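The values are calculated or read from the model by the stated rules, or taken from the named source; none is laboratory data. If you're wondering where the values come from, they're calculated on a predicted model, not measured in any experiment. Cβ sites come from the backbone with ideal geometry, for glycine too, and all protein chains shown count toward neighbours.
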Amino acid sequence: ELKVEQNPLFLSMQEGKNYTIYCNYSTTSDRLYWYRQDPGKSLESLFVLLSNGAVKQEGRLMASLDTKARLSTLHITAAVHDLSATYFCAVDLFNTDKLIFGTGTRLQVFP
Amino acid sequence: EPEVTQTPSHQVTQMGQEVILRCVPISNHLYFYWYRQILGQKVEFLVSFYNNEISEKSEIFDDQFSVERPDGSNFTLKIRSTKLEDSAMYFCASNQDGQGGNEQYFGPGTRLTVT
């Protein structure tokens, strides 16, 4: 059974600081997705990573994928309050189209 | 920009009652999904649907659950006899071809409260 784990589960960081969220998964896959969820809201797609070594950046967020290590990272640069949300990674497998979500990382950015 | 819509936004029901949650996927998408999220927990896959039949379902999706595409636009999730533990946020999602590599687009969710 595919397991997807994130750490940390909760992250409180000061504006302007950098930090990385980690997503580990247990079975071979080269397709990984990052979503953002604001409280009480839906899931907003941030990044789609489709191959080993893939790196994508949008604003202060950068995501990468290492399929050999079964690891994806979401790096936050110079955090701002607007980034406060819960971030989920999700993985799918070759012969299925369902997404298996990670445990989520709740990010809180304070002044 | 096209988006997935869901109704109602919040449904309160008594234990044992039937509920139907409705979704309108993005119009040119062919694959449809239901996920649920119990408060404070991760998002869990329930079922995927393609070509008018279930393509995959999780162990959560037992005989109390069913899905249907009654017309060309709606996609519904029915819970036949709700239990307290069915209280959760239910998200509908869709994507174009169901093959990995296309992200799934999620609707705003329906909050189901079973009392």
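Scanning segment A:51-67 for any residue that is touching a strand residue (DSSP E or B) at 6+ places or on another chain (Cβ under 9 Å), under 30 Å from B:LEU112 (Cβ atoms) and not acidic (Asp, Glu) turns up nothing. When B:GLU59, B:GLU68, B:GLU85 are screened for being surrounded by fewer than 16 Cβ atoms within 10 Å (Cβ to Cβ), at pLDDT 90 or above and within 14 Å of chain A (Cβ to nearest Cβ), only B:GLU59 passes.
The residues of segment A:20-35 that are of a type in the set (Phe, Trp, Tyr) and either surrounded by fewer than 18 Cβ atoms within 10 Å (Cβ to Cβ) or without any contact (Cβ under 8 Å) to a residue 24 or more places away in the chain (or both) amount to a single one, A:TYR22. Got a sec? Which of B:SER48, B:SER94 is small (Gly, Ala, Ser), at the interface with another protein chain (Cβ under 8 Å from one of its Cβ atoms), in contact (Cβ under 8 Å) with a residue 24 or more places away in the chain and part of a strand (DSSP E or B)? After ruling out the rest, the residue left standing is B:SER48. Scan segment A:21-30 and give yes if some residue there is closer than 18 Å to B:GLN104 by Cβ, part of a strand (DSSP E or B) and either touching a helix residue (DSSP H, G or I) at 6+ places or on another chain (Cβ under 7 Å) or not basic (Lys, Arg) (or both), otherwise no. Scanning segment A:21-30 turns up at least one residue that is closer than 18 Å to B:GLN104 by Cβ, part of a strand (DSSP E or B) and either touching a helix residue (DSSP H, G or I) at 6+ places or on another chain (Cβ under 7 Å) or not basic (Lys, Arg) (or both).
Return yes or no: is A:VAL80 surrounded by fewer than 22 Cβ atoms within 10 Å (Cβ to Cβ), more than 22 Å from B:TYR105 (Cα to Cα) and more than 9 Å from every other protein chain (Cβ to nearest Cβ)? In short, yes.
Quick check on B:GLY16: is it farther than 17 Å from A:SER45 by Cβ, within 14 Å of another protein chain (Cβ to nearest Cβ) and over 10 Å from the mean Cα position of the chain (by Cα)? Spelling it out, it is not the case that B:GLY16 is farther than 17 Å from A:SER45 by Cβ, within 14 Å of another protein chain (Cβ to nearest Cβ) and over 10 Å from the mean Cα position of the chain (by Cα).
Only one of the numbered conditions (1) closer than 26 Å to B:GLU3 by Cβ; (2) modelled with pLDDT under 95; (3) of a type in the set (A, V, I, L, M, F, W, C) is violated by A:PHE94, and that is (1).
Please work out if B:ARG36 is closer than 24 Å to B:GLN14 by Cα, assigned to a strand (DSSP E or B), more than 10 Å from chain A (Cβ to nearest Cβ) and not aliphatic (A, V, I, L, M). So B:ARG36 passes the test. Of the strands (runs of 3 or more DSSP E) entirely within segment A:44-101, those holding at least 2 residues that are among the aromatic types (Phe, Trp, Tyr) and either touching a residue at least 12 places away in the same chain (Cβ under 8 Å) or in contact with a His (Cβ under 8 Å, 6 or more places away or on another chain) (or both) occupy A:85-91. For segment A:36-73, the set of residues classified as crowded, with 17+ Cβ neighbours inside 10 Å, more than 8 Å from chain B (Cβ to nearest Cβ), of a type outside the set (Val, Ile, Thr) and under 21 Å from A:LEU93 (Cβ atoms) consists of A:LEU46, A:PHE47, A:LEU49, A:ALA54, A:ALA63, A:SER64, A:LEU65, A:ARG70, A:SER72, listed by residue number.
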